Amino acid sequence: MPYVTNLLMVFGWGKKKDEKQTMETAPSEKEIHLSDVKNIIDEITSLREKTLIEESKYFQNKISYQLDELVKIAKKLEKDDLNTDDIDKHLKMLVLRGKTQVIDTIKKEADTKFSDLKTIDDVLNFDKKSSQILKKIGDVLGLQTRVIHIFAKKYANKLKFILSNQKSDLDEIKTMLGNYTKMKDNITDVLDDLNKISSLKKFQETSGTKLEQFQGSINAIDKKTEQIEQDIDKLKSSNEYAKFLEIKKQIVNLDSEKRQITHEIDLQFTKISRPLSKYSYITSLEKHQKQLMGKLIDRPFAVLSAENKTDIITILQAARKNVLSSSISVKDPDKTIAQIDETTEMLDSFISRVSEFNTTKGKLEDSLSVFSVKDLNQKESELSKLSDDKQNLESKTHTLEEDISNSKKEIPNVVIEIEIKLKAISSSKYRIV
């Protein structure tokens, strides 16, 4: 521990230990299965723990002996007057006080009996307790270094030698514990890797089942799609559908006729839109007539009918009357009146054309019932939904296949990591097959 080293340096007992050069031997390679890893780890852990405990016992005996030697030195120092009779009484008092402090600390701390080492926790407790003893003795010797070196010089080298050896022994224990901790960390990593491989394999298994389910659903969709497409083809190949299409074509062709009629009507009513708009602000017409007048201004085609004819004439005549009376201000009253009269005269023709168009279109639309387009729309809607469902399943299948592929690629990398960590904690090199 750093504080122990510092205290020994203060007392002048710090010594750099020569680095040990060890010969590395090439580990033998063993082929194992993944299922063997757990047992190998358990064997390695058991062996390392037993070895650590046995080696720690050796150092415990050494340190116990060293502490006994410290007690013996303390007892000799206690009987030694250190030739203080001839020195200044104040200095003598300081020397004796320092001597007493050193003796009391050594007796208190070194007179310790350690418990038997049976577990790793015992070793950790022994290391902690021994380090504390060394620290406390080192602290007091560091504090009283002048007293020891000047007045008890013959004890200094012995104390230095014992504490230096004790520190070396504790360093050895700490090194062993450090190596043990690294081994446990590697073992934890290996166990995590084993769990990871197990999870990846479980994922592959469950994902394989999902893929089969997805494919089964896709096959079912394909089968149903084929049936619906046949149903649609059958509907579209029927005489009723052919008639339906012909009627739809006729209805579409009517649109050009409607545009022509609408254009002519809009053109005529545009001529009188200004006086009608101005009349809408001052009119005393009934509510439904006011609403009708607004539609005549915006989209007259929609309201030109025999049912509305009387109200439309009433609106036109009311507007004409207000132009004549100058209640409605226009640029050219005579021209406006002529246009209103013209529109009134054309009203029967417009209504007739609109009615004829609506009647023709209505008959054609009624004829569409020759074919049940609802059935066709329902089939086509179902076909579209099946297509969306299939695309969704195919997307999920593709994603899942990629995940499975990635998991299969990942397992060999995790196996290599396990091999590397096994080599770090064992003298053997393992190859997982």
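The values are calculated or read from the model by the stated rules, or taken from the named source; none is laboratory data. Note that this is a predicted model, so its numbers are computed, not measured. Virtual Cβ from ideal backbone geometry, glycine too; neighbours counted across all protein chains shown. To get the accessible areas, we keep the full protein, side chains included, count just its heavy atoms, and leave off ligands, DNA and RNA. Shrake-Rupley method; radii C 1.70, N 1.55, O 1.52, S 1.80 Å.
Summary table
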read-out: Residue among T175, T188, T262 with the largest mean-square fluctuation in a Gaussian network model of the chain, springs linking Cα atoms under 10 Å; value: T262
read-out: Alpha carbon centroid spacing (whole Å) that separates the stretch 238-279 from the stretch 50-93; value: 121 Å
read-out: Within-13-Å neighbourhood charge of H398 [Cβ basis; K, R +1; D, E -1]; value: -1
read-out: Angle between the chain longest axis and helix 37-79 axis [Cα atoms, degrees, rounded to 10]; value: 40 degrees
read-out: In the stretch 53-149, the trypsin sites (Lys or Arg not before Pro) that fall in loop regions by DSSP, at most 10 other Cβ within 10 Å; value: K113, K118
read-out: For E29, net neighbour charge (Lys/Arg +1, Asp/Glu -1) across residues whose Cβ lies under 13 Å away; value: +2
read-out: Rounded tilt (10° steps) of 273-282 against the dominant C-alpha axis of the chain; value: 80 degrees
read-out: Computed helical MRE - 222 nm, the chain, DSSP H runs ≥ 4 contributing -39500 (n - 2.57), nearest 500; value: -29000 deg cm²/dmol
read-out: More than 15 angstrom apart: percent of Cα pairs within the stretch 218-261; value: 62 percent
read-out: Restraint check, K62/K182; K174/K429; K92/K113, Cα-Cα greater than 28 Å; value: K92/K113
read-out: Among I312, I40, I228: highest mean-square fluctuation, GNM of the chain, C-alpha pairs under 10 Å; value: I312
read-out: Ratio Rg/Rh, restricted to the chain and using Cα atoms, in which Rh is the Kirkwood radius; value: 1.58
read-out: Radius 9 Å from Cβ of V370, net charge of other residues (Lys, Arg +1; Asp, Glu -1); value: 0
read-out: Surface share of carbon and sulfur [accessible, 1.4 angstrom probe, percent] for the chain; value: 49 percent
read-out: For the chain, accessible area per residue (1.4 Å probe, heavy atoms of protein chains only), Å²; value: 62 Å²
read-out: For the chain, built as a Gaussian network whose Cα springs stay under 10 Å, the top-fluctuating residue of I173, I328, I221; value: I328
read-out: Crossing angle, helix 153-236 versus the chain [Cα axis fit, 0-90 degrees, rounded to tens]; value: 20 degrees
read-out: Alpha carbon centroid spacing (whole Å) that separates the stretch 330-368 from the stretch 154-232; value: 86 Å
read-out: Heavy atoms of S352 accessible to a 1.4 Å probe, total area in Å² rounded to 10; value: 60 Å²
read-out: Rg and Dmax of the stretch 233-319, Cα atoms only, in Å; value: 19.5, 63
